[in-house]
């Protein structure tokens with residue numbers, strides 16, 4: 001069984017770190033603000049993140065194949081806002097951390113739910129052998145990027161977090177290893193990173209491409225999905241995590257630039273990752289994603305009962321591929337069907353040269 005996952009993007013998102021017991025938090029376990037002192041759900045929760053994935057080749061061979069669709073906007077170069085919030089570096093395309101980008105799934109935990117892409121942030125260490133939050137078979141990576149989305153049921157991340165609903169947020173985690181070759185996808189961020197060396201500073205940049213920050217093997221990659229939490233206080237258990245096993249690269253010189261920015265204590269921002277949390281019998285679902293360009297427009301133009309928009313033809317193709325019965329045609333909401341003749345359109349397009 002395949003899962004159709006539709007991504008629509010013009011931006012990205014990252015979670016704003018919260019407070020530990022009303023005070024600023026930190027990652028230094030020797031300080032009172034460190035992870036051992038994070039209170040509330042951070043201490044009492046049973047579905048905390050990050051976690052370690054114990055995996056085998058057998059797990060990968062049994063992974064359910066999933067088609068992941070993305071829009072052309074997801075791969076566009078975009079203007080962005082870069083911020084040093086004292087705990088990490090985050091990038092967004094809007095000051096309010098919203099965007100016109102969203103993803104939508106056909107089945108599983110993402111089924112018929114739209115997640116809006118808000119921002120991206122990173123976690124890293126002082127050495128190349130640590131820095132990522134999630135681990136695979138106890139092996140850390142030098143950096144981890146979190147692509148954060150909130151459910152369209154909410155106005156933004158703040159409302160989603162306050163809801164305490166298990167899947168209010170969907171986060172895709174990408175791990176990066178150190179390479180001798182620079183990763184050009186980071187260039188837009190690094191070009192303006194010095195402008196936000198100090199905590200609380202913001203700047204703007206151009207030409208950030210989300211798609212290029214994903215692993216280059218994204219034509220086919222492994223995704224480990226589980227229900228978890230924010231990895232910063234107040235550690236709300238509202239996240240549907242999607243941790244990608246395939247790695248991307250960053251050079252030593254590039255990573256060092258991140259390590260030189262200052263935290264809210266005016267110290268170099270290093271070791272900014274939460275320790276591994278207990279799994280507590282949670283179920284981990286493994287998918288093999290196949291990345292395919294999908295729909296970019298949701299307009300329907302009618303000419304003699306036939307939609308002329310090529311993007312919509314692609315929408316209808318997806319409809320025909322995954323919804324063979326007429327009664328199922330409306331199971332992917334708001335994508336194709338703008339009027340009651342939708343079933344006729346799907347049948348007609350499925351038999352035309354456009355499909």
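The values are calculated or read from the model by the stated rules, or taken from the named source; none is laboratory data. All figures in this text were calculated on a predicted structure; none of them were measured in a lab. We place every Cβ from the backbone using ideal geometry, glycine too, and count neighbours over all the protein chains shown.
Summary of values
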{"quantity": "Some residue of the range 262-272 being part of a loop (DSSP other than H, G, I, E, B), within 22 Å of residue 109 (Cβ to Cβ) and in contact (Cβ under 8 Å) with a residue 40 or more places away in the chain", "calculated": "no"}
{"quantity": "Any chance residue 140 is more than 18 Å from the chain's Cα centre (by Cα) and on the phi < 0 side of the Ramachandran plot", "calculated": "yes"}
{"quantity": "Yes/no for residue 74 being in contact with a helix residue (DSSP H, G or I) (Cβ under 6 Å, 6 or more places away or on another chain) and not in a strand (DSSP E or B)", "calculated": "yes"}
{"quantity": "Selected residue (only one of 176, 115 is touching a residue at least 12 places away in the same chain (Cβ under 8 Å), touching a strand residue (DSSP E or B) at 6+ places or on another chain (Cβ under 7 Å), within 14 Å of residue 253 (Cα to Cα) and not in a loop (DSSP other than H, G, I, E, B))", "calculated": "176"}
{"quantity": "Pairs, first under 23 Å from residue 262 (Cα atoms) in the range 90-102, second modelled with pLDDT of 90 or more and not in a strand (DSSP E or B), C-beta under 8 Å, six or more apart", "calculated": "91/189; 97/156; 97/157"}
{"quantity": "Hits in the range 136-157 - residues which are free of Cβ contacts under 8 Å to residues at least 60 places away in the same chain and exposed (fewer than 14 other Cβ atoms within 10 Å of the Cβ)", "calculated": "139, 155"}
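One line per residue, one yes/no per condition, for (1) surrounded by 22 or more Cβ atoms within 10 Å (Cβ to Cβ); (2) out of contact with any strand residue (DSSP E or B) (no Cβ under 7 Å at 6 or more places or on another chain):
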{"position": "232", "(1), (2)": "yes, yes"}
{"position": "238", "(1), (2)": "yes, no"}
{"position": "264", "(1), (2)": "no, yes"}
{"position": "267", "(1), (2)": "no, yes"}
{"position": "271", "(1), (2)": "no, yes"}
{"position": "275", "(1), (2)": "no, yes"}
{"position": "278", "(1), (2)": "no, yes"}
{"position": "281", "(1), (2)": "no, yes"}
